[in-house]
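Worksheet for the structure shown next.
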Amino acid sequence: MKKIKQYEKWFYGIAVVILLGLFYSSSMTYKQQTSVPFLERYLQNKPFEHSLSQIGFNYGGKYQSVANDGYFKFVEFFIRKGAHFSIYLVLGVFLALALITYFRRNYFLMIFIPWMTTTGLAAFDEFHQGLTGGRTPLVEDVILDSAGAFTGIVILVICLYLFSFKNKKYDSNL
């Protein structure tokens with residue numbers, strides 16, 4: 001825990017940098033950040049098109065499928081949602097690391113406080129996105145972001161628990 005405490009300011013700093021990046025990204029219109037032209041250029045052979053055309057589901061009140069959206073927009077949808085999950089996973093980990101020294105051995109609070117903080121930030125980000133032209137805020141994105149944060153925080157707490165358990169076991173053998 002002492003080693004984590006000495007890096008606490010760095011963890012806060014990284015979390016702030018991530019938040020600034022998210023704020024900037026939310027300020028961009030869909031046209032400014034679409035990756036469809038990139039995908040059209042580098043995925044001309046449309047890999048996995050047959051497999052992807054078998055997938056369809058509702059998300060944000062719209063049926064997502066290759067038939068409805070086209071191959072490139074469907075692939076972009078998965079990239080964007082993967083980015084939502086991943087970015088908030090990393091944000092959740094750094095917020096948990098920054099706050100972890102305040103909760104010592106209370107694993108419930110180690111998970112709950114950073115998770116709810118990250119979920120609140122995700123909701124605020126979606127609200128901010130709604131103020132940007134050509135963008136739609138979605139509750140589903142907040143849920144996805146929250147799931148990413150929860151996953152990262154739980155993995156972190158499990159790793160910290162296992163690491164502290166291993167160190168206690170090693171110390172008792174001396």
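Here, each number is a calculation from the coordinates, and none is a lab measurement. Only a predicted model underlies this, so the values are computations on that prediction, with no experimental measurement involved. Cβ sites come from the backbone with ideal geometry, for glycine too, and all protein chains shown count toward neighbours.
Between Gly134, Gly92, Gly82, where does the largest GNM mean-square fluctuation fall for the chain, given springs only between Cα atoms within less than 10 Å?
So, out of Gly134, Gly92, Gly82, the one fluctuating most is Gly134.
Mean residue ellipticity at 222 nm from the helices of the chain, using -39,500 (n - 2.57) per DSSP H segment of n ≥ 4 over the full residue count, to the nearest 500 deg cm²/dmol? Working shown, then result.
Working: 9 runs with 131 residues, N = 174.
Theoretical 222 nm ellipticity from helices: -24500 deg cm²/dmol.
Hey, can you rank 52-58, 149-155, 74-80 by average C-beta count inside 10 Å, highest first? It would help to have the intermediate numbers written out before the result.
Working: 52-58: 11.6, 149-155: 20.9, 74-80: 16.0.
Going by the mean number of other Cβ atoms within 10 Å, highest first, we get 149-155, 74-80, 52-58.
Cut-off under 17 Å on the C-alpha distance; same-chain residues fewer than 8 positions from Lys46 excluded. Which aspartates and glutamates are left, in chain and number order?
Asp69, Glu76
Compare Tyr42, Tyr71, Tyr12 in a GNM of the chain, Cα atoms joined below 10 Å, and give the one with the largest fluctuation.
In this elastic network of the chain, the residue with the biggest mean-square fluctuation among Tyr42, Tyr71, Tyr12 is Tyr42.
Given a Förster distance of 25 angstrom, what is the FRET efficiency for Ser65 paired with Lys31, based on the Cβ-Cβ distance and rounded to 0.05?
0.65
What does the net charge come to around Ala122 if you take all other residues with beta carbon closer than 9 Å to its beta carbon, with K and R at +1 and D and E at -1?
Value of the local net charge: -4.
Could you give the length gained on full extension between Ile158 and Val16, defined as 0.36 nm per residue of separation minus the Cα-Cα distance, in nm?
That pair, Ile158 and Val16, stretches by 48.7 nm at full extension.
Taking the chain as a Gaussian network, where each spring joins two C-alpha atoms under 10 Å apart, which residue of Val36, Val142, Val93 fluctuates the most?
Maximum among the listed residues: Val36.
Got the relative contact order for the chain handy, in percent, Cα pairs under 8 Å and 6 or more residues apart?
28 percent
Work out how far the C-alpha atoms of the chain reach from end to end along every principal axis, then list the three figures in whole Å, largest first.
Cα extents, longest axis first: 63, 36, 28 Å.
Using modelled amide H (1.01 Å from N, peptide plane; none on Pro or chain starts), what sits under 5 Å from the amide H of Gln64, excluding residues fewer than 5 places away?
Hits under the 5 Å cutoff: Phe57, Asn58, Tyr59.
For the stretch 39-49, what does the Karplus curve 6.51 cos²θ - 1.76 cosθ + 1.60, with θ = phi - 60°, yield as ³J(HN,Hα) per residue in whole Hz, taken in order and with x for Gly and Pro?
5, 4, 6, 9, 10, 4, 7, 6, x, 6, 4
Taking amide H positions as placed 1.01 Å from N in the peptide plane, with prolines and chain starts having none, which residues 5 or more places from Leu138, or on another chain, fall under 5 Å of its amide H?
Residues meeting the criterion, in which the H sits 1.01 Å from N, do not exist here.
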